[in-house]
1. What distance in nm separates the simple spin-label points at A:Ser152 and A:Ser260, each placed 7 Å from Cα in the Cβ direction?
2. Testing the spin-label approximation: label points 7 Å from Cα along Cα→Cβ at B:Ala177 and A:Asn81. State their distance in nm.
3. Scale the Cα Rg of region B:50-238 by the rule-of-thumb value 2.2 N^0.38 Å and send over the ratio, two decimals.
4. Counting other beta carbons within 10 Å of each Cβ, put B:Leu132, B:Leu32, A:Leu215 in order, fewest first.
5. Placing unit charges on C-beta atoms (Lys and Arg positive, Asp and Glu negative, everything else neutral), compute the dipole magnitude of region A:153-262 about its Cα centre in debye, rounded to 20.
6. Alpha carbon centre of region B:165-239 versus region A:127-204: separation in Å?
7. If amide H atoms are built 1.01 Å from N in the plane of the peptide, which residues on other chains or at least 5 residues away come under 5 Å of the amide H of A:Leu214?
8. For a Förster distance of 41 Å, can you work out the FRET efficiency between the beta-carbons of B:Lys59 and A:Asp90, rounded to the nearest 0.05?
Amino acid sequence: MAVSAALSSTSAAALPFRGGRICPCSLRGPKSRATSSSSSRVTAQLELKAPPYPLDALEPYMSQKTLEFHWGKHHRGYVDNLNKQIAGTDLDGLTLEEIVVKSYNKGSPLPTFNNAAQAWRPVLLLSLMLLYIWNHDFLWTSIKPGGGGKPSGLLLELIERDFGSVDALLSEFKQAALTQFGSGWAWLGYRAGKLVVEKTANAVNPLVSDYTPLLVVDVWEHAYYLDYQNRRPDFVSTFIEKLISWDAVSARLDEAIAASKSA
Amino acid sequence: MPNEELNAISIVFLVVQSRATSSSSSRVTAQLELKAPPYPLDALEPYMSQKTLEFHWGKHHRGYVDNLNKQIAGTDLDGLTLEEIVVKSYNNGSPLPLSTMPPRHGAPIWNHDFLWTSIKPGGGGKPSGLLLELIERDFGSVDALLSEFKQAALTQFGSGWAWLGYRAGKLVVEKTANAVNPLVSDYTPLLVVDVWEHAYYLDYQNRRPDFVSTFIEKLISWDAVSARLDEAIAASKSA
């Protein structure tokens, strides 16, 4: 698995993400890094990072009410729950990378599934929650007030090279978003030097796959139900036309290319 | 939607279906119908709003029916009953191409039909009779059953359903993802709750636990569950 291979390397640059950190949601590392002489327990808490704009800034395309629930309840809830779950366990105090690897590896169904169900299930749920938090951080920084428009520079070049045109890319991206049955996400990613569109279910994200994410849209119903109800196509069109931060996508592309060169 | 409109829709569908039996040389097609809930769309207020029903039944469920009818027209699934379509296109686990796209071989339609008849105005209360006996035998108590049912509903990550079912003479609680339904499994469904977010988001937003509690306490039609149990038992005896 790409993640395992990457994480076994001591180089942070081997991780295909910004600065080598998996999670843009910043893990405040173990509190007592060798400097504390107290016997207090080491805890590592994930923080709920706010979107880089006020919650009403994406109106009318994504309402303040939606952000209040999507970020303020769903995203916040996952962070709180995960912190509760890891406190005092053997995952407490690990680096974020270690948590991901340890919990995801154990997420693979064991041969003796029935017997081990109670053992591995909480760990699987943990890894799902972790990925889910990551997805949401990535989502808020994939969009911006006054978003939309067109990509430019190197990003535009690669889009035209790999999809033929921006319209073709956006059409494929929208199609992925609309055909992700149930809950999930659609991604623009960077794999082996090529731009790709992918879709994932539930909380699955590229961390445990082989491509670097550049852009995501959340198509869980909570992401659009208050504003668009069943009209997922309208939501995705508006997301594309009015919300995408092509600057963020370009910056991520640059980092992905840099990371792959130094790998 | 007033009853008169619901009746009008039913009549339209009956007319459409009767055309299929005409002696003209036009192709015979059997269209799946969008069955209305057996109560007005505002009858479950305040526990499940009219607005929710208008979207959940009127848009989501209706959309599945319309899409499936379009997809099966002129294919070998055309003319089959809904159950036949579900089973045939599931194809013992290797779903036919039709089913790789929404609406996934008819299962969501079946699930929603089953949903509307699992609840009723003035629902909730307690089970009785044989159903109560089996609940107490297989779960210990009604509270224990409802606790397990709620837990299944809350731990179905993403979109899905929680079920009370009947398997080999025993009551069981199960949960399924997305559009999976028991028709292609080994238990007979007796009760379902829909935990796709569209089922509760307008009324409860993120508060799935509140939705499920209210569903249990105010909406479940235990009469329907009992009737289905009786049928399941009869069916297993004659099998």
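1. The modelled label-to-label distance comes out at 2.4 nm.
2. Result: 1.5 nm between the two label points.
3. Details: Rg = 16.6 Å, N = 189, 2.2 N^0.38 = 16.1 Å.
So the Cα radius of gyration is 1.03 times the expected 2.2 N^0.38 Å.
4. B:Leu132, B:Leu32, A:Leu215
5. Numbers: 10 positive and 15 negative charges, 39 e Å.
Around 180 debye, computed over region A:153-262.
6. If we compute the Cα centre of each part, the gap is 36 Å.
7. For A:Leu214, the qualifying residues are A:Leu188, A:Gly189, A:Tyr190.
8. Details: r = 47 Å, r/R0 = 1.14.
Efficiency for this residue pair is about 0.30.
Coordinate-derived values only; no laboratory data. What you see is a predicted model; the values in this text were computed from it and never measured. Heads up, the Cβs are rebuilt from the backbone with ideal geometry, glycines too, and the neighbour counts pull from every protein chain shown.
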